[in-house]
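Heads up: the structure comes next, in structure tokens.
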Amino acid sequence: QVQLVESGGGLVQAGGSLRLSCAASGISGFNAMGWYRQTPGSHRELVARISTSGSTIYEDSVKGRFAISRDIGKNTVYLQMNNLKPEDTAIYYCNIDGYSSYWGQGTQVTVSS
């Protein structure tokens, strides 16, 4: 059974940092992984993605502030978020290529101004 468990969210002041983690279980192989976020009334959007080769892509508004990484042995993907802004407030989710229908419960990130 595929499970994704996100953690690390919280309340932080603008300019602060958080590190999100997503632990995946029940998957086979080595897949690209990504972080998404969603605010009420909006679609879930891709924030960052890391491929099987380690190449990364970022949504324009987070470039230079967020960094995605992974621990292959632990099937875990991380999102280091620095210089957070109020507009980063959202629920953050991870997702895995090949298992795109599976989502965790997400982790809430709230950035106060």
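For the stretch 1-61, what does the relative contact order come out to in percent, with C-alpha contacts under 8 Å and a separation of six or more?
Relative CO of the stretch 1-61 lands at 24 percent.
Within 14 Å, Cβ to Cβ, of residue 58, how many net charges do the neighbouring residues add up to if Lys/Arg are +1 and Asp/Glu are -1?
Net of charged neighbours comes to 0.
So, how do all the Cα-to-Cα distances of the stretch 1-75 break down into 5 Å bins, in percent, from 0 on up?
With 5 Å bins starting at 0, P(r) equals 3, 13, 22, 26, 21, 11, 5, 1.
Note down the net charge around residue 49, summing +1 for each Lys or Arg and -1 for each Asp or Glu among other residues with Cβ under 15 Å from its Cβ.
Computed value for this residue: 0.
Counting other Cβ atoms within 10 Å of each Cβ, which chymotrypsin sites (Phe, Trp or Tyr not before Pro) in the stretch 9-113 have at most 13 and sit in a DSSP loop?
Those satisfying the criteria are 30.
Less than 13 Å Cβ to Cβ from residue 23, Lys/Arg counted +1 and Asp/Glu -1: what total charge do the surrounding residues give?
The answer is 0.
Work out from phi, with θ = phi - 60° and the Karplus expression 6.51 cos²θ - 1.76 cosθ + 1.60, the ³J(HN,Hα) of each residue of the stretch 63-70, listed in order in whole Hz, and give x for Gly and Pro.
For the stretch 63-70, the Karplus-derived couplings read 4, x, 10, 10, 9, 9, 8, 8 Hz, x marking Gly and Pro.
Here, each number is a calculation from the coordinates, and none is a lab measurement. Not measured: the values here are computed from a predicted model. No Cβ is skipped: glycine too gets one built from the backbone with ideal geometry, and neighbour counts run over all protein chains shown.
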